[in-house]
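Engineer: Following this message is one structure expressed as structure tokens.
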Amino acid sequence: MRTAATLLHGDRAVQSQEKISAQLVADEHGYNDYDIAGHTCVHRACVPHDMQKGDYFNVYHGESSKSGCRWDGDLISSLRKFAA
């Protein structure tokens, strides 16, 4: 049985999936650098050109925080999972 909290979290996930977008701003030095819009916390992602599924790439959030996000083959899908 799904609780109200589970339903609410699910609704938030659906809403964020519809809003996340990425704009490529640079593709130098072996990385694709993206500005991220619509994510709950991530505002930048740097994805190496040679990414393989299961590898980690850098995501930037907050004022000065950096974390690793697991690559699943698609940037937006990977970012959605980072928010979960």
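Engineer: Just name the residue that is farthest from the chain's Cα centre (by Cα) out of those in the stretch 25-34 that are surrounded by 11 or more Cβ atoms within 10 Å (Cβ to Cβ) and under 9 Å from H49 (Cα atoms). Can you show your working first?
Structural biologist: Step one: filter the stretch 25-34 for residues surrounded by 11 or more Cβ atoms within 10 Å (Cβ to Cβ), giving 26-27, 31-34.
Filter again for under 9 Å from H49 (Cα atoms), leaving 27, 31-32.
Details: D27: 18, Y31: 16, N32: 14 Å.
In this case the residue turns out to be D27.
Engineer: What residue, of A83, A45, A37, is surrounded by fewer than 14 Cβ atoms within 10 Å (Cβ to Cβ), within 16 Å of K19 (Cβ to Cβ) and in contact with a strand residue (DSSP E or B) (Cβ under 9 Å, 6 or more places away or on another chain)? Reasoning before the result, please.
Structural biologist: Numbers: A83 fails: surrounded by fewer than 14 Cβ atoms within 10 Å (Cβ to Cβ); A45 fails: surrounded by fewer than 14 Cβ atoms within 10 Å (Cβ to Cβ).
So the residue among A83, A45, A37 that is surrounded by fewer than 14 Cβ atoms within 10 Å (Cβ to Cβ), within 16 Å of K19 (Cβ to Cβ) and in contact with a strand residue (DSSP E or B) (Cβ under 9 Å, 6 or more places away or on another chain) is A37.
Engineer: To continue, here is another question. Exactly one of these conditions fails for G38: (1) at positive phi; (2) over 12 Å from the mean Cα position of the chain (by Cα). Give me its number.
Structural biologist: G38 satisfies all of (1) at positive phi; (2) over 12 Å from the mean Cα position of the chain (by Cα) except (2).
Engineer: Inspect all residues belonging to the stretch 48-62 and state whether any of them is at pLDDT 95 or above, part of a loop (DSSP other than H, G, I, E, B) and under 17 Å from V25 (Cα atoms).
Structural biologist: Checked against the condition, which is being at pLDDT 95 or above, part of a loop (DSSP other than H, G, I, E, B) and under 17 Å from V25 (Cα atoms), the stretch 48-62 yields at least one hit.
Engineer: Can you name the residue in the stretch 1-20 that is of a type in the set (S, T, N, Q) and surrounded by 13 or more Cβ atoms within 10 Å (Cβ to Cβ) and, of all such residues, is modelled with the highest pLDDT? Break it down stepwise before answering.
Structural biologist: The initial filter retains those residues of the stretch 1-20 that are of a type in the set (S, T, N, Q), namely 3, 6, 15-17.
Then keep just the ones that are surrounded by 13 or more Cβ atoms within 10 Å (Cβ to Cβ); that gives 16-17.
On the way: S16: 44, Q17: 49.
Only one residue tops the list, namely Q17.
Engineer: Every residue in the stretch 60-84 that is basic (K, R) and touching a residue at least 24 places away in the same chain (Cβ under 8 Å), please. It would help to see each step written out before you state the result.
Structural biologist: Going through the stretch 60-84, the residues basic (K, R) turn out to be 66, 70, 80-81.
Once the filter is applied, which keeps residues that are basic (K, R) and touching a residue at least 24 places away in the same chain (Cβ under 8 Å), the stretch 60-84 yields only R80.
The values are calculated or read from the model by the stated rules, or taken from the named source; none is laboratory data. Model, not experiment: these values are computed from the prediction. In this analysis, Cβ positions are derived from the backbone assuming ideal geometry, glycine residues included, and neighbour counts consider all displayed protein chains.
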